[in-house]
Amino acid sequence: MKSPADHPDFTAMAIGEHIDGTPPQAVLDALHQNPAARREADAIRSTAQRLSAALGSSGSHSLDSAARLAILNADPAAVRARFASESSSQPASTPANTRPRPRHDRYSWVVPTAAAAAVVIAGWFFLNNTRIRQRSNNPSTQDENPEPTGFVRATPPDKSSPTQRRDIPRHTPGAVTPEIVADPAIPAPGSSSQLPVMPAPAVANDDPARSPMPQLPKSATPPANPSSLFAAPERNP
Amino acid sequence: MNPIPDPGQLRAELVQRALPEFERPLIGYATSITHDHDAARDIVQDTFLKLWIHEDPASLDGPGLKPWLYTVCRNRSLDWLRRRHRLVSLDSDSFAQFAASTPEPAATASSRDDAADVLRYFQRLPANQAECLRLKFQHDLSYKEIAAATGLTVTNVGFLIHTGLKRLRQLLAPPASRATAASPLLPLPN
C-alpha cells in the first residue's frame, strides 16, 4: 500500500503548490500530524531547492540590441505578413508533382485493390450458393443436371481413351453378376492334381537360313583338317 | 467611463513590459529544448514578435502573459526541431554550460560539485519530467501555468513533478541509504 507521502498531492503541498481539487484527507493528516511525513516533506523541499540552485533562476544569455530594437519597433503588418508567408511556404524546393510521395500515400492502392478482390470473391460465393439453393428446391432441375454446381471439372473425360477412363465394373445393387465358367484346363483350387506340363518347344537349329554360322553336312564325317572348310573355291581352268 | 484601450497601443505596452522580464528565461527555456543558443535567440525574437499580432492583447494583460509566452516559445522550439530533423540529444556540454550558468562567483567548490551532481542526475530523467521540473524550479511557473504551456492537465503535471523529484531524491541519496531505500523488503541476514 502506498504511503501518503507517495501521493502527488503530498509533493505539491510540500513545495507550496496545489493541484486542483481537495487533497486526500490522508495526505493532509500525514502532513500535519505525522513527524515522519513532515521529515519527508522537508526532504522533498530540500531536493527542490538543490535542483533550483543547480538549474539557475534564469538564463544568462540575452538578445542583442539589434534584435531588441527590431522587436520594440516592429510593424504589426509586416510581422503578420512574415508569419503568414512562413506558414504557407513549402519546405521542399522541388515542384509538387515531382516531390516524392509520403510513405502512407505510396501504398494507398493496396486497400482499394483488396476491397475489390473481396467484393468479387463474395459475389462469386453468393451466386454459387444461390444456384445450389435453387437446384435443391427444384428437383426437376436437379434431374437434368445431377452434377453439383460449384465444382467445375477442368476437362471432360475422354471415354474413347482407355488411359483416361478405366471400365472397372462397379457393384451396384440389383445388377446381375455374370457367371464365372470354370475352365477344365485349370484345376480347381485345392485339388491335388499336378499342374499341366506344357510341351517343350521343338528347337531345331537345322535351318541354314536361320544360322549365320556355316553348317556341317549331316551325313558327312567331319574333315580331318577343319581349315579346308574355309578354303577358297577352285577356279575353273 | 474608462476609455477602451487601443489594441495597438496595448500590444506595444505588453511588448515593452515583457521583453526585459522574460527575455533571458525564454532564451534559457528555448536553449534547453533546441540546445542551440543562436536558434534560441531567434525563437525568442519570434515569440515577442508574435505578441505584436495577437488577436486579443487584453487577455494577456495579466497572469496569462507568462504561460502564453512559454507556450509560443515551446511550440516554436519544437517547430525548429522538426524543421531541422534533429533529435533532442542530451549533449552534456551545451546543456550544462547553459543550465549551470548561475552567476555565483562566491560559490564554494562543494556547492558547485553538488550542482554538477544534481545536473548529472537531472539529465537522466525522462524528457517530460525534466521539462516540468525545469519550468517549475528554473522558470518558476505554477502547476497551472505549466499545464497551459505544455498542454497537459494539472494532475498530470503534478504527477510528473512528483515522480521526477522522487527519482532525483533516490539518485542523490548516499549509496548506503539508496541501497536500503531501493530494497526495503529484503529479509535481514541471520
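Inclusion of B:Thr31 among residues that are modelled with pLDDT under 85, of a type in the set (Val, Ile, Thr) and in contact with a Gly (Cβ under 9 Å, 6 or more places away or on another chain) is not warranted.
Considering only the range A:1-44, how many residues are closer than 19 Å to B:Gln170 by Cα, more than 10 Å from every other protein chain (Cβ to nearest Cβ) and part of a helix (DSSP H, G or I)? The qualifying residues number 7. Total residues in the range A:10-39 satisfying the condition of being among the charged types (D, E, K, R) and at pLDDT 85 or above: the figure is 1. Taking the criterion of being buried (at least 20 other Cβ atoms within 10 Å of the Cβ) and either free of Cβ contacts under 8 Å to residues at least 24 places away in the same chain or of a type in the set (S, T, N, Q) (or both), the residues of the range B:24-34 that qualify are B:Ile27, B:Thr31, B:Ser32, B:Thr34.
Determine which member of the set B:Leu165, B:Leu171, B:Leu152, B:Leu141 is of a type in the set (A, V, I, L, M), in a helix (DSSP H, G or I) and either under 23 Å from A:Pro23 (Cβ atoms) or at pLDDT 90 or above (or both). First the steps, then the outcome.
On the way: B:Leu171 fails: either under 23 Å from A:Pro23 (Cβ atoms) or at pLDDT 90 or above (or both); B:Leu152 fails: in a helix (DSSP H, G or I); B:Leu141 fails: in a helix (DSSP H, G or I).
Going through B:Leu165, B:Leu171, B:Leu152, B:Leu141 in turn, the sole match is B:Leu165.
Among residues belonging to the range B:45-88 that are aliphatic (A, V, I, L, M) and within 14 Å of the chain's Cα centre (by Cα), point out the one that is farthest from the other protein chains (Cβ to nearest Cβ).
Residues of the range B:45-88 aliphatic (A, V, I, L, M): B:49, B:51, B:53, B:58, B:60, B:65, B:69, B:72, B:78, B:81, B:87-88.
So of that shortlist, the ones also within 14 Å of the chain's Cα centre (by Cα) come out as B:69, B:72, B:78.
On the way: B:Leu69: 12, B:Val72: 11, B:Leu78: 15 Å.
The selected residue is B:Leu78.
The values are calculated or read from the model by the stated rules, or taken from the named source; none is laboratory data. What you see is a predicted model; the values in this text were computed from it and never measured. FYI the Cβ positions are ideal-geometry reconstructions off the backbone, even for glycines, and counts take in every protein chain you see.
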